[in-house]
Amino acid sequence: MNDQGSMAQTELLQADEAGIARAAAILREGGLVAFPTETVYGLGADATNADAVAGIYAAKERPSFNPLIAHVADFEAAQIQGIFDETARTLAEAFWPGPLTLVVPVAKTCTVSDLARAGLDSVGLRVPAHPLAHALLIEASRPIAAPSANRSGRVSPTNADHVLSDLDRRIDAVLDGGSTQVGVESTIIACLGDAPRLLRPGGVPREAVEELIGRKLEATSAEAENPLAPGMLASHYAPHARVRLNATLIERGEAALLFGGSVPSGLDGARAALNLSENGDPKEAAAHLFSYLRQLDASGAAVIAVAPVPETGLGEAINDRLKRAAAER
Ligand code: TXA
Ligand code: MG
């Protein structure tokens, strides 16, 4: 890629053996491939190759070298990269493969580059559950560093079109696996010797983790984390429209993002309206969240008014993302 960030056509790869083989070959050569996970699409590079990892930051225009999640095929591969205490092991065994990232101390045998870890002595590890991601990791046979495959600060991608609308000609290929199932990013938990801490709510609900380990997760404020996790920046996941939260009334010309059965007043005057989940199911709502934000943004409305979403289950992750989408820019 050149300094302007433009490169040749981005290859659209099908979800078959040939597509996976091509994606793995590009990754092994140091290229950039977006691929589906069960949460969102990731922008992958060989985590052991610092030049390849640098390409991720350039393509995303990520402002600084924040640490990336290293994706691995299974728990065994994860244990080459990081040191798992009892809690981390319990969590890995219960939730992997799945939408959970564990931040653990680096192992002596770690091959994830310093750049991917942003020079930290910890490493963020995840075993994704998506069959295409798994096949790609097996075929590439190395850890793959992958942030969400969007331009920095923008809405995370849940299908291949979203990826191309942000990154066409900036990355080598996208492996098309259709729409992702979970729809919000992984839950991130730090297990660094002290009490486990929730760094980011995500696809595994806090309640499920707390029930498993039999204790409350320490709350970590973004300011307490150094370096600040970019997914934790105040303004993130932002559409072009302004986002207004907890709307019970829709102003004329606004786009409306609804949840559940209650109909806000003024809905007839809305420019566009989508319901995250008619039955008020937070899981279904999470799967729709980013795609609906993009669709309502495309309506051209200046404001997206969002109905209240309860905090339970995946609601915590949904509200976290909505708050960041609504933050001052
Ligand atoms: O679901 C997901 O997690 C998606 C898919 C592609 O796996 N990935 C994702 O990556 O959301 P990204 O880069 O958008 O967010 C990764 C988060 C960042 O907030 C980063 O700071 C944090 O993980 N992170 C990674 N390694 C870390 C470490 N060693 N210490 C603290 N935070 C870390
Ligand atoms: Mg992201």
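No value in this document is a laboratory result; all are computed from the given coordinates. As the structure is a computational prediction, the values presented were derived from the model and not from experiment. In this analysis, Cβ positions are derived from the backbone assuming ideal geometry, glycine residues included, and neighbour counts consider all displayed protein chains.
If we count other beta carbons within 10 Å of each Cβ, what is the order of ILE171, ILE188, fewest first? It would help to have the intermediate numbers written out before the result.
Working: ILE171 27, ILE188 24.
Ordered by Cβ neighbours within 10 Å, fewest first: ILE188, ILE171.
Excluding residues fewer than 8 places away in the same chain, name every one of the aspartates and glutamates whose C-alpha is closer than 18 Å to that of LYS60.
Once the sequence-local aspartates and glutamates are set aside, what remains near LYS60 is ASP3, GLU11, ASP46, ASP51, ASP161, ASP166, ASP168, ASP172, GLU185.
Tell me, what HN-Hα J-couplings in whole Hz come from the Karplus equation 6.51 cos²θ - 1.76 cosθ + 1.60 at θ = phi - 60° for each residue of the stretch 315-320, using x for Gly and Pro?
Those phi angles translate into x, 4, 5, 4, 5, 4 Hz.
Using only the Cα atoms of the chain, what do you get for the radius of gyration and for Dmax, in Å?
Here Rg and the maximum Cα pair distance are 19.2, 61 Å.
Hey, can you grab everything whose amide H is under 5 Å from the amide H of ALA247? Only 5+ residues off in sequence or another chain; H modelled, so Pro and N-termini drop out.
VAL306, ALA307
Cα to Cα, under 18 Å, and not fewer than 8 places away if on the same chain: which aspartates and glutamates meet these conditions relative to LYS216?
Hits, sequence-local ones excluded: ASP85, GLU86, ASP194, GLU207, GLU311, GLU316.
Net charge near LEU32, counting Lys/Arg +1 and Asp/Glu -1 over other residues with Cβ under 14 Å of its Cβ? Intermediate results must be reported in sequence, preceding the final value.
On the way: positive: ARG22, ARG28, LYS60, ARG62, ARG151, ARG169, ARG170; negative: GLU11, GLU29, ASP46, ASP51, GLU61, ASP166, ASP168, ASP172.
So the environment of LEU32 carries a net charge of -1.
Which angle between 0 and 90 degrees, to the nearest 10, do you get for helix 282-298 versus the longest principal axis of the chain when only C-alpha atoms count?
Helix 282-298 sits at roughly 70 degrees to that axis.
Would you calculate, for the chain, the mean residue ellipticity at 222 nm contributed by helices, counting each DSSP H stretch of 4 or more residues as -39,500 (n - 2.57) and dividing by all residues, to the nearest 500?
After summing the helix terms and dividing by the residues of the chain, the value is -8500 deg cm²/dmol.
Please arrange ARG329, ARG200 by how many other C-beta atoms lie within 10 Å of their C-beta, fewest to most.
ARG329, ARG200
Please list 32-42, 136-146 highest first by mean number of surrounding beta-carbon atoms within 10 Å per residue.
Working: 32-42: 28.8, 136-146: 22.4.
Packing proxy ranking, top to bottom: 32-42, 136-146.
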